[in-house]
Amino acid sequence: MASALSHAVAALSLGTCFYRPGTPKRVWAAGALCSVLPDMDVIGFHFGIRYGDFWGHRGFTHSLLFAVLLATPVAILMFRKASPQASLLWIWTYLFLATASHGLLDAMTDGGLGVAFFSPFNNDRYFLPWRPILVSPIGVGRFFSERCLAVLQSELLWIWLPSALLAALAWFWQRRSRVK
């Protein structure tokens, strides 16, 4: 998996594409939270759930259906009365993409069993053909190890840098659109 911080960075960067003046700041916080929640599946290890099981790591909680099922109540319960600048559908789309980005990033790592994108309909695990991101160890204690520096360098190059470029492009595009 990519680290939780990098998942949030990617979601916040994606949020710049959805920015509208007057959008509540809590939308971006919700997007960052949605982007890290799929990794809640690691608690299953403590209950004997194996990595490759339906509820295992990178299983159902990393699927596109899970992204729909998470984005929907978050959007409705937290943003039912969205601002005129950011409709509920606009916010839902951002939350869905922020959640789905988790599986996409994990499918770009060099470890694990892949991501069950289509669970529960198909529980096969997939990786993308291009896997440049070093897999982050599961657990805080294991993260802060000798491997930490290599993982962080990999994430800076393959997640943070593209995220910064996306945010800059979105900002310039929006600024240009407002000037016209």
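Sorting 16, 99, 109, 93 by the number of Cβ atoms found within 10 Å of their own Cβ, with the fewest placed first, yields 93, 16, 109, 99. Here region 4-179 is assigned +1 on the Cβ of each Lys and Arg and -1 on the Cβ of each Asp and Glu. Its dipole about the Cα centre then comes out at about 780 debye.
Normalised by the number of residues in region 4-179, what is the relative contact order in percent for Cα pairs under 8 Å and 6+ residues apart?
On the way: 258 pairs, mean separation 45.3, N = 176.
Relative contact order, region 4-179: 26 percent.
Mind jotting down a quarter of the surface of the convex hull over the alpha carbons of the chain, in square nanometres, one decimal?
Working: hull surface 44.4 nm².
Orientation-averaged projected area of the Cα hull: 11.1 nm².
With contributions of -39500 (n - 2.57) from each DSSP H run of at least four residues, the per-residue ellipticity at 222 nm computed over the chain stands at -16500 deg cm²/dmol.
In the chain, a dipole from Cβ-located charges (positive for Lys and Arg, negative for Asp and Glu) runs towards its positive end, and of 113, 88, 62 it is 88 whose Cα lies farthest in that direction.
Throughout, read-outs are computed from the coordinates displayed, never taken from laboratory work. Keep in mind the model is a prediction, meaning the values are calculated, not measured. Every residue, glycine as well, gets a Cβ built from its backbone with ideal geometry; the counts of neighbours run over all protein chains shown.
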